[in-house]
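The values are calculated or read from the model by the stated rules, or taken from the named source; none is laboratory data. As the structure is a prediction and not an experimental result, all values here were calculated from the model. Note that each Cβ is placed from the backbone with ideal geometry, even for glycine, and that neighbours are counted across all protein chains shown. Just so you know, the surface numbers come from the protein's heavy atoms only, side chains and all, with ligands and any DNA or RNA stripped out. Shrake-Rupley method; radii C 1.70, N 1.55, O 1.52, S 1.80 Å.
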Amino acid sequence: MTSSIITIPNTSWVIDHQQLDWISALESGKILHFTHLPFEIAENEKILFNEAIQSPSSRNISLGADGLLKGAIGEDETRKTLKQLILRFRNLSQDLMHSLVPKYSEYLKVSPTSFRPLNIENRQQSWRADDRRLHVDAFATRPNYGERILRVFMNIHPNNQPRVWRLGEPFEKIADQFLPRIKPYSKLQAKILHVLGLTKSFRSEYDHMMLQIHDAMKSDSDYQKNSPQLQFDFMPGDVWVCFSDQASHAAMSGQFMMEQTYNLPLKALYDPQSSPLALLTSKARRNLV
Ligand code: SIN
Ligand code: FE
């Protein structure tokens, strides 16, 4: 199970010696882990390390691709500082991804960048929203038709607290286990969700399956406890990258993390056959998008 993480000894955000085996590991659902990449916190940024800067009704603080800051409360000056911190991380993630996988560069679509100041250990949430349960990422409101969800994470805790994750089994094993239990897709229901504005576009059968797998995993407490898994502590300064629609993960504890989401079309991949869409399509033997 330790092979679900590949540690890359690089001390800079710019990778100057790419290795194809890292990329095939990434595309097969593994996590690429970089230790101690530099991210200096300036004196005036120290006030951001406080749960109170997040609005109580938000899941996190995020900066949209449009530059709009959401989920933060506080003075204009604090919000400005916050925006700069998030932008700095966005740019560094960009350096990392462009140099790590130059082939993805022209296709990478920047989605929101977030700062997560809450201590996740004791958060009370519904089982569906609870990321302390193993899951693959799937978004209820934003169908993606098989486009990949690529994420860059960084623990920036100022006091040496790890971000503790659990990593689950390979996507194919998950699909074999949960596909037989999922509810059948209904085009009519997808249409209603769209007309009511509950989804941003028409939910494809692929999106339906991914959500069902997400829910089936999270709601199965026996699976949560007994399925093959590995705990991993990401220390402050650690950066890790994965396709989170494929790599099963759960975030158990920690506070103060940065995260960048990208969307990546399948044609950007070295091996589109490794994608959840290809795998689910071959199991279903029909088009899912
Ligand atoms: C998640 O993507 O499930 C949450 C990651 C985290 O909060 O560490
Ligand atoms: Fe997740």
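Normalised by the residues of region 1-158, what does the relative contact order come to in percent, with Cα pairs under 8 Å and at least six apart?
23
Residue by residue through region 117-133, what is 3J(HN,Hα) from phi via Karplus (6.51 cos²θ - 1.76 cosθ + 1.60, θ = phi - 60°)? Round to whole Hz and write x for glycine and proline.
My calculation for region 117-133 gives x, 7, 6, 7, 5, 10, 5, 8, 8, 5, 4, 5, 8, 7, 7, 7, 9 Hz in order.
Can you work out the PRE-style zone for N50? Point 7 Å along Cα to Cβ, and I want the residues of region 57-81 with backbone N under 15 Å.
72-81
Determine the relative contact order of the chain: mean sequence separation of Cα pairs under 8 Å and six or more apart, normalised by residue count, in whole percent.
31
Through the Karplus equation 6.51 cos²θ - 1.76 cosθ + 1.60, θ set to phi - 60°, convert the phi angles of region 184-189 into ³J(HN,Hα) values in whole Hz; use x for Gly and Pro.
Result, ordered by residue: x, 6, 10, 4, 4, 5 Hz.
N122 to L68: extension gain in nm, 0.36 nm per residue of separation minus the Cα-Cα distance?
Value of the extension gain: 16.6 nm.
How big is the gap, in Å, between the Cα center of region 92-107 and the Cα center of region 230-282?
For region 92-107 versus region 230-282, the Cα centre distance is 15 Å.
Quick check on the chain: what are the equivalent-ellipsoid semi-axes from the Cα gyration tensor, as sqrt(5λ), descending, whole Å?
Value: 29, 22, 19 Å, ordered largest first.
Can you work out the accessible area per residue across region 208-289, with the rest of the protein chains kept in place, probe 1.4 Å, in square angstrom?
36
Between S186 and S24, what FRET efficiency follows from the Cβ-Cβ distance if R0 is 35 Å, with the result rounded to 0.05?
For R0 = 35 Å, the calculated efficiency reads 0.45.
Could you give the longest part of the chain that holds none of the GluC sites (Glu not before Pro) found in DSSP loops with at most 10 neighbouring Cβ atoms within 10 Å?
The longest such stretch corresponds to 76-289.
Once amide H atoms are built 1.01 Å from N in the peptide plane, which residues 5 or more positions from G74, or in another chain, come under 5 Å H to H?
none
Give the peptides 234-244, 107-117 in descending order of average Cβ contacts within 10 Å, highest first.
234-244, 107-117
Relative contact order, percent, of region 32-115 when contacts are C-alpha pairs under 8 Å separated by at least 6 residues?
31
Calculate one ³J(HN,Hα) per residue across region 221-238 by plugging θ = phi - 60° into the Karplus curve 6.51 cos²θ - 1.76 cosθ + 1.60, and present them in order as whole Hz with x for glycine and proline.
Calculated HN-Hα couplings, in order: 6, 5, 4, 4, 7, 10, 6, x, 7, 9, 8, 9, 9, 8, 7, x, x, 6 Hz.
Out of D271, D137, D21, any idea which swings most in a Gaussian network model of the chain, alpha carbons joined below 10 Å?
D21
Tell me, what is the FRET efficiency for R59 and D16 to the nearest 0.05, using R0 = 45 angstrom and their Cβ-Cβ distance as r?
0.80
Subtract the Cα-Cα distance of H98 and N287 from 0.36 nm times their separation in residues, and report this length gain in nm to one decimal.
64.9 nm
Which Cα, out of W165, S274, V152, lies furthest along the positive dipole direction of the chain (beta carbon charges, K/R +1, D/E -1)?
S274
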